[in-house]
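Here the structure is laid out as structure tokens; the discussion comes afterwards.
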Amino acid sequence: MKCLPMILPVLAAVAALSGCMNDQEFLASNQQAAINATEARAKFELNCEAVTSSVLSSKVTNVRRTMSRTEYTIGVRGCNKQVTYITYCLNPTTCNAISDTARLGAP
């Protein structure tokens with residue numbers, strides 16, 4: 001319980017900062033990190049270093065009542081293959097790309 005007094009100011013600061021950003025700003029702040037995470041995963045899964053990506057859609061979703069995350073649908077093409085990913089970010093350093101394509105296919 002000695003840590004609780006130290007954690008409360010940090011939680012208060014995070015809550016205050018998260019309330020200052022609207023959805024479009026939140027999406028914009030995470031978008032490049034989402035693309036980077038998605039392209040890294042696609043390079044591995046496609047076994048291809050030359051990939052290009054497109055953000056197909058984006059939205060803000062709620063993990064819990066007090067925590068939001070960004071969600072991007074990103075299409076990636078490379079080496080005559082294409083794949084779609086759903087990428088979630090809590091912030092620009094915490095993104096996870098999940099394959100949304102049942103199989104890798106030719107474009």
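The values are calculated or read from the model by the stated rules, or taken from the named source; none is laboratory data. From a predicted model like this one, the values you see are computed outputs, not experimental measurements. A quick note on method: Cβ atoms are made from the backbone with ideal geometry, for glycine too, and the neighbour counts reach across all protein chains shown.
Name every residue in region 3-46 that is modelled with pLDDT under 90 and among the β-branched types (Val, Ile, Thr), in order of residue number. Of everything in region 3-46, those that are modelled with pLDDT under 90 and among the β-branched types (Val, Ile, Thr) turn out to be Ile7, Val10, Val14. Restricting attention to region 51-68, which residues are within 17 Å of Phe26 (Cβ to Cβ) and buried (at least 18 other Cβ atoms within 10 Å of the Cβ)? If the condition is that a residue be within 17 Å of Phe26 (Cβ to Cβ) and buried (at least 18 other Cβ atoms within 10 Å of the Cβ), then Ser58 is the only one that fits. Among the residues of region 48-78 satisfying the criterion of being at pLDDT 95 or above and not in a strand (DSSP E or B), which is nearest to Ala97 (Cα to Cα)? The extreme case among them is Val51.
Is it true that Asn36 is over 19 Å from Met21 (Cβ atoms), within 12 Å of the chain's Cα centre (by Cα) and outside any helix (DSSP H, G or I)? Judged against the criteria, Asn36 is not a match. Pairs only if they're at least six apart or on different chains, beta carbon under 7 angstrom, first in region 53-76 and under 18 Å from Asn36 (Cα atoms), second of a type in the set (Phe, Trp, Tyr) and not in a strand (DSSP E or B); list them, first residue then second. Once the first residue is under 18 Å from Asn36 (Cα atoms) and sits in region 53-76, its partners that are of a type in the set (Phe, Trp, Tyr) and not in a strand (DSSP E or B) give Thr70/Phe26. Flag: Thr66 matches the condition of being of a type in the set (Ser, Thr, Tyr) and under 17 Å from Met21 (Cβ atoms).
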